[in-house]
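Since the structure comes first, as structure tokens, the remarks are kept for the end.
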Amino acid sequence: MVIKVRIGGLEVARSPEVLETLLGSCVAIMLYDTGKRIGGMAHSVLPETREENVRDPGKYVNTAIPALITKMTIAGARTNKLIAKLAGGAAMFKTNNSNMNIGAKNVEMAKKLLKKYGIPLKGEDTGGNRSRMVKFYLRDGKVEVRREGRIITI
């Protein structure tokens, strides 16, 4: 079954499910326990929030990663066995102001937090200026990214 991850959403499932989302400047953060075949995906819109009680933790990278870890642990994943993959973070609008490149900031924050939590980044397809369709196959952890008419596997 394909589970659609909405904008700002966060989903956790196990094999043989497929998690899917469509991205622009947002970043898909995918965590996977290869032995248990449990995976999670967050569709994060912004790099961070300073609010303490966030209704949709998937919306912000800084709340999405700890929320994914918690939900995956509850589902039976082992935190010391998690790997990560990232997709998205495109610069969808042309601008000379680097502060406006939310996509790059989303990716940067995700990498910073993955390092903090000790989760190795095993693959990514980030940046550029095109949208992406992402499918995360929980049977084997493979991620297919469709952009510009091509499919890239990470």
Problem set entry | Among the residues listed as K71, K85, the single one being under 26 Å from T153 (Cα atoms), of a type in the set (D, E, K, R) and in contact with a Lys or Arg (Cβ under 9 Å, 6 or more places away or on another chain) | K85
Exercise. In region 7-28, is there at least one residue being over 18 Å from M133 (Cα atoms), charged (D, E, K, R), surrounded by fewer than 18 Cβ atoms within 10 Å (Cβ to Cβ) and touching a Ser or Thr at 6+ places or on another chain (Cβ under 9 Å)?
Worked result: no
For this session: Would you tally the residues in region 1-16 being modelled with pLDDT of 95 or more and out of contact with any helix residue (DSSP H, G or I) (no Cβ under 9 Å at 6 or more places or on another chain)?
Result: 7
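Of the residues that sit in region 130-151 and are exposed (fewer than 14 other Cβ atoms within 10 Å of the Cβ) and either among the aliphatic types (A, V, I, L, M) or within 18 Å of S44 (Cα to Cα) (or both), which one is modelled with the lowest pLDDT? If you could, list the steps in order and put the result at the bottom.
As a first pass, look at region 130-151 and keep what is exposed (fewer than 14 other Cβ atoms within 10 Å of the Cβ): 130, 139-140, 148-151.
Okay, now just the ones that are also either among the aliphatic types (A, V, I, L, M) or within 18 Å of S44 (Cα to Cα) (or both), so 130, 151.
Numbers: R130: 90, I151: 96.
For region 130-151, the residue satisfying everything is R130.
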Problem set entry | Residue ID - surrounded by the most Cβ atoms within 10 Å (Cβ to Cβ), chosen from residues in region 81-102 that are farther than 24 Å from T70 by Cβ and at pLDDT 70 or above | A90
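Quick check on region 39-61: of everything there that is in contact (Cβ under 8 Å) with a residue 24 or more places away in the chain and among the aliphatic types (A, V, I, L, M), which residue is surrounded by the fewest Cβ atoms within 10 Å (Cβ to Cβ)?
L46
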Problem set entry | Count - residues of region 19-42 that are assigned to a strand (DSSP E or B) and over 14 Å from the mean Cα position of the chain (by Cα) | 2
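I need the full set of residues from region 139-153 which are farther than 15 Å from G88 by Cβ and assigned to a loop (DSSP other than H, G, I, E, B), in order please. Quick ask: steps written out before the conclusion?
So in region 139-153, the residues farther than 15 Å from G88 by Cβ come out as 139-142, 149-151, 153.
Scanning region 139-153 gives R139, D140, G141, K142, G149.
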For this session: State whether the residues of region 17-26 include one that is farther than 16 Å from E124 by Cα, modelled with pLDDT of 95 or more and not hydrophobic (A, V, I, L, M, F, W, C).
Result: yes
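The values are calculated or read from the model by the stated rules, or taken from the named source; none is laboratory data. Not measured: the values here are computed from a predicted model. Positions of Cβ are backbone-derived with ideal geometry, glycine not excepted, and every protein chain shown enters the neighbour counts.
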